[in-house]
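Q: Please read through the structure below; I'll follow up with questions.
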Amino acid sequence: MRRILRTPLGKKARVWLWRHARAVLSAPRPVAVANARWASRRPLDRRYREEVRHALKQMAGGVERCMYCEDSAGHAIEHFWPRSRFPERAFCWENLLLTCDRCNNHHKRTQFPLSLQGEPLLVDPTAEEPGMHLELRPREGLMLAREGSAKGETTIGVLGLNRYELRKGRKIAWTGLQALVERYGRFKEQDRAEEAALCAGTLTGHPFPAVLEVLLRTAERADAEQYVDPECLAVLRSHGSDLRALLARGLSSQAAPVSPARPL
Ligand SMILES: [Zn+2]
């Protein structure tokens, strides 16, 4: 999971959300009204729902991966605060995320643990830096909670962030991304700009973009040789700034902030 910056929604779609939110707030049975309005097949509702989905896909960047697992294609509009329990947030733009069916319907579902103070115990990647609570260890394929972070622990458990295919996929990504970086470096050495740009595009379209961020950060460490293939490290050290600029454009419409603390 990586930080995703929320972009503004178009004016007409915002008005559409606001009208539905107002109707839900004044309804005697807000959950039923929120569910019915969210599932509406009216052409206008379908149109603006798709506009919201499109805006979320733009925010996700790359090839529009799930904002939770970063593995599968994101298609479902997820209500971070579940609309079955918090209908008043069902049409709030800040409450909407893009997720895959597996994360949405098989793991999170309507789970939404809260702290004693009523704060969510799940990480919202559009509202905070996931690296404050979660630590990705791609060589082992693992997502770990930061020490003492109940939110990190709960997020991993509720979303199943260490399920088998994610652990395996992260390890494959760690190796595959390094091979792609090496290929990028060879194209650069041969002045094959077009192929190098295509290679950078493949890097940004790769599942698990957070693994790529960890790789870039690791290359900056004094002891990077312990973790990164020598040829890949040489490319990152000589062409790192070009590559970062290409990746920042490809991964997101805006450069995502770098997660703090230890990268491995
Ligand atoms: Zn997912």
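The values are calculated or read from the model by the stated rules, or taken from the named source; none is laboratory data. Treat the numbers as computed from the prediction; the structure is a model and nothing was measured. In this analysis, Cβ positions are derived from the backbone assuming ideal geometry, glycine residues included, and neighbour counts consider all displayed protein chains. Keep in mind that these areas ignore ligands, DNA and RNA; they rest on the heavy atoms of the full protein, side chains included. Shrake-Rupley method; radii C 1.70, N 1.55, O 1.52, S 1.80 Å.
Q: Mind checking the log10 I(q)/I(0) for the chain at q = 0.15, 0.16 Å⁻¹? Debye, one equal scatterer per Cα, no solvent, two decimals.
A: -1.07, -1.18
Q: On to the next question. Mind checking the per residue accessible area of the chain for me, 1.4 Å probe, whole number of Å²?
A: Numbers: 12840 Å² over 264 residues.
That works out to 49 Å² per residue.
Q: Starting from the 7 Å offset along Cα-to-Cβ, what nm value, one decimal, do you get for the label separation of residue 129 and residue 54?
A: 3.4
Q: When only Cα pairs under 8 Å and 6 or more residues apart are kept, what is the percent relative contact order across segment 33-133?
A: Working: 105 pairs, mean separation 21.9, N = 101.
About 22 percent, as a whole number.
Q: Less than 12 Å apart at the alpha-carbon level, and either on another chain or at least 8 residues along: which aspartates and glutamates does that give for residue 12?
A: Partners within reach: 45, 51.
Q: Express the carbon and sulfur contribution to the solvent-accessible surface of the chain as a percent, rounded to the nearest whole number, probe 1.4 angstrom.
A: On the way: 6780 of 12840 Å².
About 53 percent, which is the carbon plus sulfur part of the accessible surface.
Q: If one computes the Cα centroid of segment 1-50 and of segment 160-194, what distance in Å separates the two points?
A: 38
Q: Could you tell me the convex hull volume per residue, in Å³, taken over the Cα atoms of segment 1-144? Let's see the in-between values first.
A: Working: hull volume 17.6 nm³, N = 144.
Taking the convex hull of the Cα positions in segment 1-144, it is 122 Å³ per residue.
Q: Also: Dipole size in debye (nearest 20) for segment 164-250 around its Cα centre, Lys and Arg Cβ +1, Asp and Glu Cβ -1?
A: With only Lys, Arg, Asp and Glu charged at Cβ, the dipole is about 320 debye.
Q: Is the shape of segment 1-56 best called rounded, prolate or oblate, per the rule: a/c under 1.5 gives rounded, else a/b larger than b/c gives prolate, else oblate, with a ≥ b ≥ c the square roots of the Cα gyration tensor eigenvalues?
A: Values: a/c = 1.96, a/b = 1.60, b/c = 1.23.
In terms of gyration-tensor shape, prolate.
Q: Something else now. Pairs of Cα atoms under 8 Å, at least six residues apart: use those to get the relative contact order of the chain, whole percent. Walk me through the intermediate numbers first.
A: Numbers: 392 pairs, mean separation 54.3, N = 264.
This gives 21 percent for the chain.
Q: Using the beta-carbon distance between residue 153 and residue 27 and R0 = 45 Å, what value does 1/(1 + (r/R0)^6) give for FRET efficiency, to the nearest 0.05? List each step's numbers first, then the result.
A: Numbers: r = 36 Å, r/R0 = 0.81.
Result of the calculation: an efficiency of 0.80.
Q: Which residues among segment 123-151 fall inside the zone where the amide N is under 14 Å from a point 7 Å beyond the Cα of residue 175, along Cα→Cβ?
A: Within reach of a label on residue 175, which here means backbone N under 14 Å from a point 7 Å along Cα→Cβ, segment 123-151 contributes 139-141.
Q: Once Rh for segment 164-250 is found with the Kirkwood sum over Cα pairs, what is the Stokes-Einstein diffusion coefficient at 37 °C and 0.692 mPa s, in µm²/s? Provide the component values of the computation, followed by the final result.
A: Working: Rh = 12.9 Å.
So the translational diffusion coefficient is about 254 µm²/s.
Q: Given a Förster distance of 35 angstrom, what is the FRET efficiency for residue 140 paired with residue 193, based on the Cβ-Cβ distance and rounded to 0.05?
A: 0.45
Q: A follow-up question, please. Within the set 108/171; 11/57; 11/108, which residue pairs have Cα atoms separated by over 26 Å? List each step's numbers first, then the result.
A: Details: 108/171 24 Å; 11/57 18 Å; 11/108 30 Å.
With Cα atoms farther than 26 Å apart: 11/108.
Q: Show that you can apply the helix-only estimate: for the chain, add -39,500 (n - 2.57) for every DSSP H stretch of four or more residues, divide by all residues, and state [θ] at 222 nm to the nearest 500. Please list the in-between numbers first.
A: Values: 8 runs with 122 residues, N = 264.
Computed ellipticity for the chain at 222 nm equals -15000 deg cm²/dmol.
Q: Between 218, 155, 99, find the one with the highest GNM mean-square fluctuation for the chain; connect C-alpha pairs within less than 10 Å.
A: Highest fluctuation among the options: 218.
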